[in-house]
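The next block holds one structure in the form of structure tokens; read it before the comments.
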Amino acid sequence: MKCSSYNKYIQKDDKLFIYNYFTGSIVEIENINHFNALKNNDLNSISEQLKANLEDQGIIIDKQFNETNELKFSNLLARYSSDTLGLTIVNTLKCNFKCPYCYESRSNPSSMSIEIQNAVIDFVKNKWKESKFSNLFITFLGGEVFKDVGSIDYIMDNISKAQTEYNFNLSCSLITNGFEIDRYLDRLDRWMIKDVQITFDGDETNHNITRYDKNNTPSFHKIFSNMLLLLDKNIDLAIRLNLTTENIEDGYLFIDRLNKLDKKPYLYFGHVKNYGNSCNSGNCLSRSDFSNVHYKLTAYAVKNEVPCSILPNLHWNHCVADTINGYVIDPDGYLYKCWHYVGKKERSFANVKEYQKITNKENFYRFLIDENYLTDDGCKKCECLPICMGACPMERHDLGNKNCTHFKYNAEKYIELYCEQKV
Ligand code: SF4
Ligand code: SF4
């Protein structure tokens, strides 16, 4: 047996822990000599009972075993599984806001025609006939999704009929700026929405500086009260709090505000980034600075009983980009492998009307077969590889940046924070 290369050894006061990035397990070690021996990959002094426990948790593994092979296998399985169909449907590019960092096209924003809506419904039916998938995950994304509710009505009414006929599991979510959601609460049931994501750009003052509608109306209080309506409706609500160099303190104010609520949403922190020419705010945090802020705010949220994740979620592929059955569909029916390409037709690989006809093979295959996580020298040696898998393929390819997981810069602190909650 040997120790996994994805172990993180944590010594905090008189407590000793080992966290395994591959399995997500955390084991407390009672004896400092055992802890030091494991750290040095020396199993001679470890009892058979402890070895068996550590093996169950993936902290020690068979001596001959190359973990990277299992990682690659898990990645291939997740990439090429046909059991799940994941659709991100951009029903409209229209929006009621004009946020400075928005990456989506603002010139001539379109909504989905009835022809494309029918093509989306046929796409789902044909895909089911091809692969008999068991699960369909749909995310509606804009623009602002509520700028065209009719298209969602039509698509979801028909997909619901297809679900009854073909008997697949359906899970539907939407991402909205939240400004108009009070007018459409009844629609959430009709669309079978299980979860909603709303973004804030800080607490009241900073949010209102960046998130305003076309009449320059401040939006914070309206969105916050809409958020409460969703919580009353028992919708799973995730709040993305965007962070820049200029709104860090807002994180604390916002958490204080959530702390006063009886029902609280799930909170996570978004790293605002400069994607090409799309950002004109010039106040983006570096990745390591984002991680430092993220850690401090996570600790503060935990202390204030606001739900948030401390440890990373385990997943073996990255996103829609490296998933064979993941599609982003824009209002004109163009299909993409990345959310950030919406509206950039030169980045599409087909149209949903003729989805089997790949019109740009490079755009289709680029991320799907990308194995940078296995070839990049930094990633090969990185203990975070199982939770990061080489990070965002688009950023790596288009921007030449490795968007290393924020966890990497403060891993020990996150694990300590998690363990403090458990003991
Ligand atoms: S490739 Fe990167 S930017 Fe595109 S959808 Fe995936 S994670 Fe998002
Ligand atoms: S992108 Fe960075 S954090 Fe992710 S596996 Fe590679 S080196 Fe590690």
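Derivation of every value follows stated rules applied to the coordinates shown; laboratory data play no part. Keep in mind that what you see is a predicted model, and the values were worked out from it rather than measured. Quick reminder, even Gly has a Cβ in these numbers, built from the backbone with ideal geometry, and neighbours come from all protein chains shown.
Can you give me the C-alpha center-to-center distance between region 55-91 and region 283-328, rounded to a whole angstrom?
One Cα centre to the other: 19 Å.
Provide the convex hull volume over Cα atoms per residue for region 68-423, in Å³.
146 Å³
Would you tally the net charge around SER173, using a Cβ to Cβ cut-off of less than 11 Å, leaving SER173 out, and scoring K and R as +1, D and E as -1?
Around SER173, the surrounding residues sum to -1.
Report, in whole Å, the centroid distance computed from the Cα atoms of region 213-227 and region 338-396.
First find each Cα centre; the distance between them is then 35 Å.
Return the single residue from LEU231, LEU335, LEU241 with maximal mean-square fluctuation; model: Gaussian network over the chain, springs between Cα atoms under 10 Å.
In this elastic network of the chain, the residue with the biggest mean-square fluctuation among LEU231, LEU335, LEU241 is LEU231.
Find out how many positive minus negative residues lie around LEU253, taking Lys and Arg as positive, Asp and Glu as negative, among other residues whose Cβ is under 14 Å from that of LEU253.
Spelling it out: positives minus negatives among the neighbours equals -4.
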